[in-house]
Amino acid sequence: MIMHHQGAIISSEHMISDSERPELRQLAEDIQQSQSEQIEQMQEWREEWYPDAERTFGMMDPTQMEGMMEGMMGGSMQEMMGDATDAMFLRMMIPHHQMAVDMSEETLD
């Protein structure tokens, strides 16, 4: 889940700087804030509950994550402009967040 959240944070960076829509900039800022806090909480739990577990499992270098996200999108958000960036962000974030819901439901079962 940490790596999954990192992907959303990286994708949100482009929206904060590039979107002309204040609602999407706010959504991107909210994603960065909440998912950064969740990453920190999960890391603390991992340290407390599983101190001997490998610390790098599921973690990627941020540049690797960005490349993976761009590959999934079919290009770089940095190369897009205006509404194309906004639409791509929404097309990507909806299934991205649905995957997080699915992973959480699996954990609860």
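General remarks:
- Taken over segment 13-24, the criterion of being small (Gly, Ala, Ser) and touching a residue at least 24 places away in the same chain (Cβ under 8 Å) is satisfied by 19 alone.
- In segment 1-60, residue modelled with the highest pLDDT [restricted to those that are small (Gly, Ala, Ser) and buried (at least 17 other Cβ atoms within 10 Å of the Cβ)]: 28
- Residue 98 being at pLDDT 90 or above and in a helix (DSSP H, G or I): no
- Of all residues in segment 80-109, those that are closer than 16 Å to residue 28 by Cβ and in contact (Cβ under 8 Å) with a residue 60 or more places away in the chain have Cβ atoms under 8 Å from Cβ atoms of residues that are β-branched (Val, Ile, Thr) and part of a helix (DSSP H, G or I), 6 or more apart or on another chain, in 93/31.
The values are calculated or read from the model by the stated rules, or taken from the named source; none is laboratory data. Model, not experiment: these values are computed from the prediction. Methodologically, a virtual Cβ is constructed for each residue, glycine included, from the backbone with ideal geometry; neighbour enumeration extends over all protein chains shown.
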